[in-house]
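The values are calculated or read from the model by the stated rules, or taken from the named source; none is laboratory data. This one's a predicted model, so the numbers in the text were calculated from it and none came from an experiment. Neighbour counts run over all protein chains shown; Cβ positions are idealised from the backbone, glycine included.
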């Protein structure tokens, strides 16, 4: 497969963006978007088709502070969104030509299978069951399941304290399956933001999902909630795409690794999730 590219992604945004505790979103301000690369791809590849179309549809979360949250601009904001922009730019597609589609945990695989999206970048844990129906590039981030409780809760400090207790999570998610495995009583909804009111009114004792998602929810609702305990799983976040599109998957892995080297990955982190969470070196993509 031939891939010609000039130049590498250029991210001109400078400085971290502040997360608003009351609005729970980042303010893009005048930060520059990734510059579309001048590229040519081998005919017949997904990359060539997207490049020629000049547009791409990317699924992401619209309710996940720090990673994918619908912003006041009418477009989603967060680290997953920035990763999507980096990939699009390397396809020669500008940020304004990305069509963002909301994907919740339960519809990510169907949207990919049905061709409703070209990619899903949505706090999407790679696992063997999902790899039977979609392919994954990455991982590009390693999260871990943790616990969110009311700020004054001193009774729950680890997953052991969730046994036999009602705990909110999201339908179709790996954290929901883990709650059942450890003996908690999962209370399921469609989005994590919908777990907050049951936590406030005592219908559940905790919310459990990936630590980065919980950190965003806590930051969005300052003083109400806290994250407790150490992460008790490893959740490798990947980029979902059509099953067996090996060329596209390998190409995205190339783009990810290039972004680690040229600093665009770290810059994307610092202006989104990095406003709350420390930067850690990304994992090496799994070229299965």
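Flag set for residue 207, criterion: farther than 21 Å from residue 270 by Cα and buried (at least 24 other Cβ atoms within 10 Å of the Cβ). Taking the criterion of being in contact with a strand residue (DSSP E or B) (Cβ under 8 Å, 6 or more places away or on another chain), over 14 Å from residue 196 (Cβ atoms) and surrounded by 15 or more Cβ atoms within 10 Å (Cβ to Cβ), the residues of region 162-174 that qualify are 162, 165, 166, 173, 174.
Taking residue 95 and the conditions (1) out of contact with any strand residue (DSSP E or B) (no Cβ under 9 Å at 6 or more places or on another chain); (2) closer than 28 Å to residue 286 by Cα; (3) surrounded by fewer than 16 Cβ atoms within 10 Å (Cβ to Cβ), which numbered condition does it fall short on, given that it satisfies the others? Only one criterion in (1) out of contact with any strand residue (DSSP E or B) (no Cβ under 9 Å at 6 or more places or on another chain); (2) closer than 28 Å to residue 286 by Cα; (3) surrounded by fewer than 16 Cβ atoms within 10 Å (Cβ to Cβ) is unmet by residue 95, namely (3). Within the option set 186, 139, 236, 198, being in contact with a helix residue (DSSP H, G or I) (Cβ under 7 Å, 6 or more places away or on another chain), modelled with pLDDT of 95 or more and surrounded by 16 or more Cβ atoms within 10 Å (Cβ to Cβ) holds for one residue only, 186.
Say whether the condition of being more than 30 Å from residue 115 (Cα to Cα) and in the same structural domain as residue 77 (by TED's automatic domain parsing) is met by at least one residue in region 250-262. Yes, that holds for at least one residue. Residues in region 96-105: is at least one closer than 22 Å to residue 215 by Cα, outside any helix (DSSP H, G or I), in contact (Cβ under 8 Å) with a residue 60 or more places away in the chain and not assigned by TED's automatic domain parsing to the domain that holds residue 182? Scanning region 96-105, I find at least one residue that is closer than 22 Å to residue 215 by Cα, outside any helix (DSSP H, G or I), in contact (Cβ under 8 Å) with a residue 60 or more places away in the chain and not assigned by TED's automatic domain parsing to the domain that holds residue 182, so the answer is yes. Restricting to region 165-191, name every residue that is within 10 Å of residue 205 (Cβ to Cβ) and in a loop (DSSP other than H, G, I, E, B). The answer is 165, 184.
Selection of region 251-286 for residues being in contact with a strand residue (DSSP E or B) (Cβ under 9 Å, 6 or more places away or on another chain) and more than 14 Å from residue 87 (Cβ to Cβ) yields 269, 271, 272, 273, 275, 276, 280, 282, 283, 284, 286.
Scan region 52-68 for residues that are over 15 Å from residue 117 (Cα atoms), at pLDDT 95 or above and part of a strand (DSSP E or B) and the total you get is 1.
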